[in-house]
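The values are calculated or read from the model by the stated rules, or taken from the named source; none is laboratory data. On a predicted model such as this, the values are computed, not experimentally measured, just so you know. Backbone-built Cβ (ideal geometry, glycine too); neighbour counts: all protein chains shown. Quick note on the areas: whole protein, heavy atoms, side chains included, nothing else; ligands and nucleic acids left out. Shrake-Rupley method; radii C 1.70, N 1.55, O 1.52, S 1.80 Å.
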Amino acid sequence: MLATMQLAELAIEVRRKNIKNVHLSVHPPLGHVRVAAPFHIDDTTLRAFTIDKLSWIRAQQQKLRLQERESELEYVTRESHFVWGKRYLLKVIEAEAAPKVVWQGRRLTLQTRPKSSFVQRAKTMENWYREELRRELAPMLARWQARLGVTVADVFVQRMRTRWGSCNDSNRTIRLNTDLARKPRECLEYILVHELMHLLERKHNAQFSALMDRFMPEWRQRRNLLNRLPLRHEDWLY
């Protein structure tokens, strides 16, 4: 069930779901606000909850407005692309062969069929980033599951437009944004640990922060690093 709540100049998207708690989120690039709420919470209570969070909402929106944006991608030769936080100039080669990406030394090469479209080139790159993230993730996941004493049923790597990761503690699955392969490895590790930690503590409360402090004392520095990095330029969908 989808509705809109108007608070002063803010139009807040409200989704009613079969969940236990209220979830408030602010999404890039312009600070679109969403509230996911259980069916049993009435509009008056939900409105009071959101008003109480107005200062937090505006602070998050200000951060998004100030965050740098990357140049729009075209997938052409000498265009900048990032792999694990480092910048590479892309070289595009057309060939009558299966599309692929080769990352070797300081070179990042996209092999594509002649007259390939923007969509086809983007898909090839996206698939490569997904597999690169999976490769890097495998030993990291095994290490942190052992450290935390948790086990996930599955990890999904996919393009996520509004978040870096998510956890479904009911079915013990996590989802990670493919774009993390473009950020420094410590950012991927931070997001992975953050989502795994939700298997020990569902909410973002004092207990959650204490667990993060215990197992990854520098997690705030990693979070700040990820938040400072430029956002990908694209048409965001809500």
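A few notes on this one:
- Candidates Trp103, Trp128, Trp84, filtered to the one that is at pLDDT 95 or above and on the phi > 0 side of the Ramachandran plot: Trp84
- For Leu176, the criteria (1) touching a residue at least 60 places away in the same chain (Cβ under 8 Å); (2) not in a helix (DSSP H, G or I) hold in every case but one, which is (1).
- In segment 59-81, of all residues being hydroxyl-bearing (Ser, Thr, Tyr) and open to solvent by 70 Å² or more (accessible area, probe 1.4 Å), the one that is modelled with the lowest pLDDT corresponds to Ser71.
- Out of Thr112, Thr151, Thr124, one residue alone is open to solvent by 40 Å² or more (accessible area, probe 1.4 Å), of a type in the set (Ser, Thr, Tyr) and touching a residue at least 12 places away in the same chain (Cβ under 8 Å). It is Thr151.
- All of Arg161, Arg135 fail the test of being in contact (Cβ under 8 Å) with a residue 12 or more places away in the chain and surrounded by fewer than 16 Cβ atoms within 10 Å (Cβ to Cβ), apart from Arg161.
- Segment 8-68 holds strands (runs of 3 or more DSSP E) entirely within its bounds, and those carrying 2 or more residues that are more than 22 Å from the chain's Cα centre (by Cα) map to 10-17.
- Val33 vs. criteria in contact with a Phe, Trp or Tyr (Cβ under 7 Å, 6 or more places away or on another chain) and either surrounded by 12 or more Cβ atoms within 10 Å (Cβ to Cβ) or under 29 Å from Glu131 (Cβ atoms) (or both): no
- Within segment 81-108, tally of residues that are over 19 Å from the mean Cα position of the chain (by Cα) and closer than 15 Å to Arg121 by Cβ: 13
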